[in-house]
Amino acid sequence: MLVVMSDFHFQDTVSDIVKDGKGNSLIPVDRNVSAEAFRIVFDHLIQIAGRNHAQELKIVLAGDVFDLHRSQQWFKNNNPVRPYGRYGPADWGPIAQGILNDIIRSNIETFTIFQTFGSQQTVKLPGHDKEIPFQFEYIPGNHDRIINLYPPLLDAVCNLLGMQFQNNMPFQNVGLFEKYGAFVCHGHEYDRYNFAGASPGNQASPTPSSVYNDAPIGDYMTIDIATRMAYEYREQNESKMIDGPDAGMHRAAYQKLLEFDDVRPQSELIAFMEAEIGWQAENKLWESIRPVLVKVIQQALESEFMADWLNRLNKPGLDWQDLIRFSLERKLWSSMTAISSEELIRFLIKLFSGMKWDEAKLWERVSHEPILKNKAYRYVVAGHTHNPAVEFLCHRQSDRRDIFFFDTGTWRQQIRKCRDNRTFARAKALTYVIFYGPNEDPSRTSKTKGYSFDYWSGFTKKEV
């Protein structure tokens, strides 16, 4: 039995905490998936394995499990080191290791469950007298790609998952599970902004492993735009969050900037803050957020890494990349006053945070995967989008098999713009897909043994 899940985005929330003079935390920062969710799901999977006479249990963690990008530790002491550009693992490795340590501190109960579960290497099936082999398999995504580049990170992750760390061997970037007819990847391979391949956005296989090590433009967008906005706001307003007539407003603004990770679409940052706080009625809020946005925009427009990637991504015809490149070449944004107007700031933030591939065409890219020409494979599985889905790709005539694509969504809270096009709503999500081998899942009505799958996706919300 093979289970695939992805996009937990375990975060370092330790560095987000703002405390008052007595050491009390002023702002809720816990955005991680609860330990109870994993305890319930893992126990449920063992029950399913028992009912379906599983011969083994493999749980594939298909990327963006540890989010090493979304941490304010990257900005401490004005440190310019990042996991991209001219810096290498020797430069950014110790910072990333510190981030991982704080991720563990923020999720210690969860990782105790993972470590206990993984280190056993077998599970006892309820209702049976036998134990079956168990193991986690790890496939990095774009937010945890650097784990493969720094051995101490590899060692730590293997330890957390009860896996054997062997001679600095990196995790595989794709999973070939022929026994189950499944090809598994994270899914950023199809996203030209979050994969650094020579022809990004085409396919996950075959792709040289070295390509996965290169930093895409999306790394900058996550660290130096999305994450940096909260950091800069805190730097400029932390004392006002602790005390003062507008403390409530400043705390709310900071919290919304922290939550921005989970907002979809991400081009709607300003609309999100307006809807949640109502800054149109509070000029003071706009005045406090404006210098933060200006600083983030200026640094993006001055970034050599950003400029290089915009040139690499350039296509014939006029598009938003040409607008940014034009501003770089003409140095239109070289002064604070040049980008001080509310309208221009709105436009540029929407432009930067809206750098996004066309997810609606994901199924089309997946359908061209070379692996599907191999009759041993009929399922492609990926996450990355945070949009759970099952796509019926085709009925393959050569062997009369149905071909499917599964998007494993996310386990994070989702904050989505509502159908009224004004407000935003929240719900927690959970998705996984189970594949059974030919000698498993005997409850199927067919007398012939073959492949089968169960796809489960749901949302939950507890109103307070």
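The values are calculated or read from the model by the stated rules, or taken from the named source; none is laboratory data. Note that the coordinates shown come from a computational prediction; the quantities given were computed from them, not determined experimentally. Here the Cβ positions follow ideal geometry from the backbone for every residue, glycine too, while neighbour counts run over all protein chains shown.
Summary table below
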item	result
Residue that is farthest from E235 (Cα to Cα) [pool: residues in segment 299-322 that are at pLDDT 85 or above and surrounded by 15 or more Cβ atoms within 10 Å (Cβ to Cβ)]	W309
Test: residue in segment 439-447 that is under 22 Å from the mean Cα position of the chain (by Cα), part of a loop (DSSP other than H, G, I, E, B) and over 22 Å from L45 (Cβ atoms)	no
Failed criterion for A90 (all others in (1) within 30 Å of G248 (Cα to Cα); (2) small (G, A, S); (3) more than 21 Å from the chain's Cα centre (by Cα); (4) part of a helix (DSSP H, G or I) hold)	(1)
Failed criterion for E259 (all others in (1) of a type in the set (D, E); (2) touching a residue at least 40 places away in the same chain (Cβ under 8 Å); (3) under 30 Å from Y377 (Cβ atoms) hold)	(3)
Which listed residue, of I289, I270, is crowded, with 20+ Cβ neighbours inside 10 Å, assigned to a helix (DSSP H, G or I) and in the same structural domain as L348 (by TED's automatic domain parsing)	I289
Filter pass, E276 being part of a helix (DSSP H, G or I) and surrounded by fewer than 17 Cβ atoms within 10 Å (Cβ to Cβ)	no
Breaking point among (1) in contact (Cβ under 8 Å) with a residue 60 or more places away in the chain; (2) of a type in the set (D, E, K, R); (3) under 27 Å from L310 (Cα atoms), for R86	(1)
Which numbered condition E36 fails, given (1) without any contact (Cβ under 8 Å) to a residue 60 or more places away in the chain; (2) more than 23 Å from the chain's Cα centre (by Cα)	(2)
Any hit, segment 243-254, residues being part of a helix (DSSP H, G or I) and of a type in the set (D, E)	no
Some residue of segment 210-223 being touching a residue at least 60 places away in the same chain (Cβ under 8 Å) and closer than 30 Å to L45 by Cα	no
In segment 30-52, the residues that are part of a loop (DSSP other than H, G, I, E, B), crowded, with 17+ Cβ neighbours inside 10 Å and not aliphatic (A, V, I, L, M)	R31, N32, N52
